[in-house]
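S.K.: Following this message is one structure expressed as structure tokens.
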Amino acid sequence: MGSLFIRFQEAVKTLAKNPMFANNRLFARDPRHLQFEADVNRLFLYTSYYRLGANAEEKDAEEIIDMASKASVSEQQKQVQENVHYQLTNMCQAMDSILLPDTKSGASEANNYPRRSGLSFAVGTGVSSANKPDVPTTRPLNRTELSNKFRDHFQYTLDIRPSQIPHKDAGQGLFLSGETNAGAVLAIYPGVVYSPAYYRYIPGYPKIDACNNYLITRYDGTIIDAKPWKLGGDSREIWDGSDLVDYNAAPSKSQESNSDRAWRMLSKPLKKGHTENFGEVLERRNPLAFGHFANHPPKGSTPNVMICPYDFPLTEKDMRVYIPNITFGGEEEPVTMKRFGSFWFKSGRSGNQVGESPVLKTLVLVSTRSICDEELFLNYRYSNSKKRPEWYIPVDEEEDKRRWS
């Protein structure tokens, strides 16, 4: 399969320079969309390569490469979603077999609980005992034991340990223990999901990244805050995204500019109320829920994973417990927003359109090459219009510029 991957790698490089992208008038006006399309194209190739499997034939690979040059972005997006969902379905089924004493009755029990109202999360943090969802019984495995059994199924798992990056701010790193091929879903980015309609509820708003290094943004403006998830836990439990960390710690006056001080006084984050919030029953031992520990590659290294937007279909109730995210504002009443420049506005429509299934917008990390017992590196793509940390070495300045244009 190695020779096929070389063909796929060549296709990735060739299609990135395809005149189809460069000459489109829309892209000339919107470099950000150009970068989005290039990323979708790469993800289409990588995840399709993985799905071909070890017994793939060269004609199958050639067909996928041909599709990557001809299929529309929306068609490729749908295939990427299908490829990612296919992998996660297998992983969730494997974890069910490991954790549930009786998979059939356990799955039924896991999903037979009342749903919260659409705005319940937005207005409260407590859990009503009368309406608290039932947590199904699982085998008494701790997080490490589940991780080891997951490796038995898939030949790899994830470890969190001190990063090998030679920098004082490197902290913890995300490591692959075992081996896998390109296109594999290696991790999910956990935490609280904020649509643009709820930006003002993000702790620390408007300077949301001042005291939080675990925020990530999708192309559609969705922000995921992984800080409350931390390292997960050792049980299946109701999780409501609450966190004891003080996000709003103000910087010292010597470090705070007049502009920062004005923003902090005039644009304080909105407060949540005190009515009920059911939370979600989530598997806190999830061995995939560590995407927020992947570091940016140091000088001389290249990324071995990339971000992939994943819209989890909420109709897949048996899998929901393994998706380590909750939506701020609820999962049943989404607000549709449109982006104009740097600003987001309500579009006049809310909820899901006719024929559309409700989804939970999250992110996964996908491998971009074969990996064996290595630290995982993700291109952070920090905006080059703002001051970046001294440890940040751009992987591709042009990509950074297009991403935040």
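The values are calculated or read from the model by the stated rules, or taken from the named source; none is laboratory data. All of these numbers come straight from a predicted model, not from anything done at the bench. Here the Cβ is made from the backbone with ideal geometry for all residues, glycine too, and neighbour counts use every protein chain on show. When the accessible area is computed, the model is the full protein with side chains, heavy atoms only, and any ligands, DNA or RNA have been set aside. Shrake-Rupley method; radii C 1.70, N 1.55, O 1.52, S 1.80 Å.
S.K.: Scan the strands (runs of 3 or more DSSP E) fully inside the stretch 142-208 and keep the ones with 3 or more residues being at pLDDT 95 or above, touching an Asp or Glu at 6+ places or on another chain (Cβ under 8 Å) and surrounded by fewer than 20 Cβ atoms within 10 Å (Cβ to Cβ). Quick ask: steps written out before the conclusion?
M.R.: Values: elements: 156-162, 172-180, 185-188, 191-194.
Answer list for the stretch 142-208: 172-180.
S.K.: Still on this model: If you scan the stretch 373-399, which residues turn out to be open to solvent by 70 Å² or more (accessible area, probe 1.4 Å) and under 21 Å from the mean Cα position of the chain (by Cα)?
M.R.: Tyr382 - this is the single residue of the stretch 373-399 that is open to solvent by 70 Å² or more (accessible area, probe 1.4 Å) and under 21 Å from the mean Cα position of the chain (by Cα).
S.K.: Mind checking whether some residue in the stretch 60-72 is surrounded by 15 or more Cβ atoms within 10 Å (Cβ to Cβ) and either aromatic (Phe, Trp, Tyr) or at pLDDT 90 or above (or both)?
M.R.: Within the stretch 60-72, one or more residues are surrounded by 15 or more Cβ atoms within 10 Å (Cβ to Cβ) and either aromatic (Phe, Trp, Tyr) or at pLDDT 90 or above (or both).
S.K.: Restricting to the stretch 305-323, what's the tally of residues that are within 24 Å of Thr144 (Cα to Cα) and in contact with a Lys or Arg (Cβ under 8 Å, 6 or more places away or on another chain)?
M.R.: 1
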